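Here's the structure we're looking at; comments come further down.
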């Protein structure tokens with residue numbers, strides 16, 4: 001009998017699978033795909049309002065996420081109690097983009113869907129995959145539970161607000177669009193170069209705060225030895241296959 005998905009993902013040797021899955025939260029992979037879907041919605045499906053709402057929600061959510069990271073790395077603003085050093089950008093991006101991509105790929109056009117069942121199933125699939133991507137950030141040692149929960153909640157609320165109340169897509173999407181989105185989600189995690197968004201955020205933190213040495217998770221827990229020992233696992237680098245991103249020891253948990 002074939003192994004269940006849960007058995008595969010939570011197997012002790014599943015590190016490579018988590019490292020590949022976690023790439024589905026990278027902006028460099030998801031934003032171009034979301035932009036392609038949004039462009040089609042804008043021009044061919046008469047969904048201008050949806051696109052504007054989604055773009056506004058994405059901009060606000062991204063600003064809050066970046067602000068939380070900068071606040072901690074540059075000024076040490078975090079929570080030792082919640083082991084919180086900033087909102088998870090991967091969890092945010094997955095919950096923000098994957099439901100939109102699933103809706104456009106699986107629910108657009110085709111047979112009439114007066115009850116919206118196809119739309120609901122597509123959105124459910126998008127949020128379920130996004131939840132796995134969010135959890136992968138814990139599995140690869142990049143974030144704490146609170147950081148992942150904050151990112152998934154913020155991204156989920158933003159995408160839900162943008163997609164709530166949308167009408168049925170009656171315009172049949174071209175086959176190349178659905179095929180292109182699916183191919184991008186499958187191939188880009190394997191082929192895309194290593195994301196440098198974290199390094200850019202660190203450099204911006206240095207420029208804004210004037211600090212050469214940024215705050216780390218260990219600094220957050222310096223006065224709570226037990227919590228500090230628990231946080232050490234975020235500084236352990238996981239084995240990283242070509243093209244994947246694993247947290248490094250210099251700034252544990254700040255991705």
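Can you find even one residue in region 78-98 that is touching a helix residue (DSSP H, G or I) at 6+ places or on another chain (Cβ under 6 Å), closer than 16 Å to residue 178 by Cβ and in a helix (DSSP H, G or I)?
Within region 78-98, one or more residues are touching a helix residue (DSSP H, G or I) at 6+ places or on another chain (Cβ under 6 Å), closer than 16 Å to residue 178 by Cβ and in a helix (DSSP H, G or I).
Can you spot a residue in region 171-193 that is within 30 Å of residue 102 (Cα to Cα) and either in contact with a strand residue (DSSP E or B) (Cβ under 7 Å, 6 or more places away or on another chain) or modelled with pLDDT under 65 (or both)?
Checked against the condition, which is being within 30 Å of residue 102 (Cα to Cα) and either in contact with a strand residue (DSSP E or B) (Cβ under 7 Å, 6 or more places away or on another chain) or modelled with pLDDT under 65 (or both), region 171-193 yields at least one hit.
Here are 145, 90: which of them is surrounded by fewer than 24 Cβ atoms within 10 Å (Cβ to Cβ), under 30 Å from residue 16 (Cβ atoms) and modelled with pLDDT of 95 or more?
Of the residues listed, the single one that is surrounded by fewer than 24 Cβ atoms within 10 Å (Cβ to Cβ), under 30 Å from residue 16 (Cβ atoms) and modelled with pLDDT of 95 or more is 145.
Please verify whether region 100-109 includes one or more residues that are without any contact (Cβ under 8 Å) to a residue 12 or more places away in the chain, over 20 Å from residue 192 (Cβ atoms) and either under 20 Å from the mean Cα position of the chain (by Cα) or surrounded by fewer than 23 Cβ atoms within 10 Å (Cβ to Cβ) (or both).
no
Mind listing whichever residues of region 206-224 are over 21 Å from the mean Cα position of the chain (by Cα) and either part of a helix (DSSP H, G or I) or surrounded by 19 or more Cβ atoms within 10 Å (Cβ to Cβ) (or both)?
Passing the criteria: 206, 207, 208, 209, 214, 215, 216, 218, 219, 220, 221.
For residue 55, indicate whether it is part of a helix (DSSP H, G or I) and either at pLDDT below 95 or over 19 Å from residue 154 (Cβ atoms) (or both).
Details: part of a helix (DSSP H, G or I): yes; either at pLDDT below 95 or over 19 Å from residue 154 (Cβ atoms) (or both): no.
Spelling it out, it is not the case that residue 55 is part of a helix (DSSP H, G or I) and either at pLDDT below 95 or over 19 Å from residue 154 (Cβ atoms) (or both).
Residues that are within 15 Å of the chain's Cα centre (by Cα) and surrounded by 14 or more Cβ atoms within 10 Å (Cβ to Cβ): does region 42-60 have at least one?
Yes: region 42-60 contains one or more residues that are within 15 Å of the chain's Cα centre (by Cα) and surrounded by 14 or more Cβ atoms within 10 Å (Cβ to Cβ).
The values are calculated or read from the model by the stated rules, or taken from the named source; none is laboratory data. In this text the structure is predicted, and so the values were computed from the model without any measurement. When we count neighbours, we look across all protein chains shown, and the Cβ atoms used for this are built from the backbone with ideal geometry, even at glycine.
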